[in-house]
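The values are calculated or read from the model by the stated rules, or taken from the named source; none is laboratory data. Predicted model only: the values in this text are computed from it and were never measured. Cβ coordinates were reconstructed from backbone atoms using ideal geometry, including for glycine residues, and neighbour counts include every protein chain displayed. Surface accessibility is based on the protein's heavy atoms, side chains included, excluding ligands, DNA and RNA. Shrake-Rupley method; radii C 1.70, N 1.55, O 1.52, S 1.80 Å.
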Amino acid sequence: MSMFKWEVVDPAPGEAVGAKQRLPWGRTAGLGIQHVVAMFGATFVFPVVMGLDPNLAILFSGICTILFLVVCKNRVPSYLGTSAAFVGGVAAIRAMGGDSADVTGAILLSGLVLLAVGVFVHFAGPRLVHAVLPPAVTGAVVMLIGFNLAPVVASVYWPVDQWTALLTATFLVCAAVLFPGFWGRIAVFLALVFGFVISFLFDVVFGPITSCGGADCTPEPHSRVTFEGLSDAAWFGLPSGTLDDGVAAVHGPSFSLVFLLLVLPGVIALIAENLGHVKAVAEMTGDDLDPYMGRAIGADGAATALASLFGGSPTTTYAENIGVMGATRVYSTAAYYVAAGVAIVLGLCPKFGVLVGAIPGGVLGGITVVLYGMIALVGAKIWVENGVDFAEPRNLVGLAAGLVAGIGGVAMDFGGGFELGGIALGTIMVIVYFHAVALRDRRTGESVPAAGTPAGGMTTTAPGADDDQETKKTP
């Protein structure tokens, strides 16, 4: 059967639809739109917090999803949305004076590293990756990424409008936990809508707010919600304009070894994320997807590099869409092509870009305080689900110094303007110290737990309380 041919089926209630099957095109289109809604909130929130263009991110999420499906021969149903793994590294780059071109250059190189890992895994198998990055290490790195973002929320977004931020965060938490099924999975999107409405009502009732985000800005009166430029924006056109730092929305990357080191820990998170997601999809569909593990990792790396080449955001497979498949039991890759097409159309709509740019700072504060915390706690989730025993010195002592150094912002100055700190230094210390202690245990004859598959994946939006349990399994 051709890669682009799907068997048309009419399943009985509760019967699954396979990756190479599809429903009639009308129903397939409806499922595709549902996938767009599921990925939507996080995919354009994370470019905003990274200072990149959200329209471009949406556009490339569609293009990169198609690339991923083709590389994986339509066997791994997944959507590629904006990755949260690089947010901490991007914040560090900007804190060191880097601009958007420096950000996309560092991410592009990281994408190429991930691509190389994918090629290696495809030909050699994932055993070495599992040995170097066991769950104890992977969980620590993911935790470092999340907790390093706490100061960004506290200094940049939350001060813009603290009451809107608090209400938005409260709504997001309640929606993710209390809303049933699909509605819980799109809690980020619903929180954005809620925050917009609250901000508009506050403007009407209380008038403009005097505030700003960041340490160096001067508080000025401003409306919480403004749609300046919406009427002038075209309905159709390529993403354009200028980012807040003066770099064009569509731009070429700039490369720096120092900035690359700041975002490389995100590659570790993406490896764990892709491995975990492919395993989860395999359990759901009943297909053996191990032969496609390397393809999935490599395709994600290639997609990240491609998007960054034009100024776009990094990509990753999305747990939100895996949750949708768990709820619908429709695993058809045809629905993902529809979703990718819809995303491309939205990315080519400048009016949509103006709406995204109008997200009030207080709303971002409420959403990011939850999402960044969730990223960090996914690291703990990896530890728990893989039975990491902190009575073992290799886990307790091996990870301790790296965690404190990374979260606390400890830095090493090597001279000549080269400084290593934060997530990058913490990640190096975690990996080196963990394996140093593990090596001692091997030499003394103590048992070393087998390196399991890195579990989890950084879920960029909270799953609904009643998600299909298959979507929560980790390798």
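Counting only helices (runs of 4 or more DSSP H) wholly contained in segment 294-400, the ones carrying 3 or more residues that are β-branched (Val, Ile, Thr) and buried (at least 24 other Cβ atoms within 10 Å of the Cβ) occupy 361-385.
Scanning segment 8-20 for residues being out of contact with any helix residue (DSSP H, G or I) (no Cβ under 6 Å at 6 or more places or on another chain) and either open to solvent by 50 Å² or more (accessible area, probe 1.4 Å) or aliphatic (A, V, I, L, M) (or both) gives a total of 9. Quick one: how many residues across segment 157-173 are open to solvent by less than 60 Å² (accessible area, probe 1.4 Å) and over 16 Å from ILE209 (Cβ atoms)? Of the residues in segment 157-173, 3 are open to solvent by less than 60 Å² (accessible area, probe 1.4 Å) and over 16 Å from ILE209 (Cβ atoms).
If you check SER199, SER223, SER254, SER231 for being surrounded by 19 or more Cβ atoms within 10 Å (Cβ to Cβ) and more than 22 Å from the chain's Cα centre (by Cα), only one passes: SER199. Of the residues making up segment 432-445, those that are part of a helix (DSSP H, G or I) and either modelled with pLDDT under 85 or touching a strand residue (DSSP E or B) at 6+ places or on another chain (Cβ under 9 Å) (or both) number 8. Among the candidates LYS73, LYS5, single out the residue that is part of a loop (DSSP other than H, G, I, E, B), open to solvent by 20 Å² or more (accessible area, probe 1.4 Å), more than 19 Å from CYS349 (Cα to Cα) and touching a residue at least 24 places away in the same chain (Cβ under 8 Å). The unique qualifying residue is LYS73. For segment 130-182, a residue qualifies if it is over 20 Å from SER199 (Cβ atoms), at pLDDT 80 or above and not in a helix (DSSP H, G or I), and the qualifying residues are PRO134, PHE179. Looking across segment 248-293, the residues that are part of a loop (DSSP other than H, G, I, E, B) and of a type outside the set (Val, Ile, Thr) come down to ALA249, HIS251, GLY252, PRO253, SER254, PHE255, SER256, LEU264, GLY286, ASP287, ASP288, LEU289. The set of residues from segment 58-70 being aromatic (Phe, Trp, Tyr) and open to solvent by less than 10 Å² (accessible area, probe 1.4 Å) comprises just one member, PHE68. Residues that are open to solvent by 100 Å² or more (accessible area, probe 1.4 Å) and assigned to a loop (DSSP other than H, G, I, E, B) do not occur anywhere in segment 202-213. Scan segment 126-144 and tell me whether some residue there is more than 30 Å from HIS435 (Cβ to Cβ), touching a residue at least 12 places away in the same chain (Cβ under 8 Å), within 17 Å of the chain's Cα centre (by Cα) and surrounded by 24 or more Cβ atoms within 10 Å (Cβ to Cβ). Checking segment 126-144: not a single residue is more than 30 Å from HIS435 (Cβ to Cβ), touching a residue at least 12 places away in the same chain (Cβ under 8 Å), within 17 Å of the chain's Cα centre (by Cα) and surrounded by 24 or more Cβ atoms within 10 Å (Cβ to Cβ).
Report yes if some residue within segment 80-102 is closer than 22 Å to VAL193 by Cβ, open to solvent by less than 20 Å² (accessible area, probe 1.4 Å), of a type outside the set (S, T, N, Q) and not in a helix (DSSP H, G or I); otherwise report no. Let's see the steps before the verdict.
Here is the first cut: in segment 80-102, the ones closer than 22 Å to VAL193 by Cβ are 81-82, 84.
Filter again for open to solvent by less than 20 Å² (accessible area, probe 1.4 Å), leaving 81-82, 84.
So of that shortlist, the ones also of a type outside the set (S, T, N, Q) come out as 81, 84.
In the following step, the residues that additionally are not in a helix (DSSP H, G or I) were identified as 81, 84.
Yes, the conditions are met somewhere in segment 80-102.
When segment 358-399 is filtered for residues that are under 30 Å from MET50 (Cα atoms), modelled with pLDDT of 80 or more and among the aromatic types (Phe, Trp, Tyr), only TRP383 remains.
Considered as a group, the residues in segment 27-57 that are out of contact with any Pro (no Cβ under 9 Å at 6 or more places or on another chain) and not in a helix (DSSP H, G or I) include one that is least open to solvent (accessible area, probe 1.4 Å), and that residue is LEU52.
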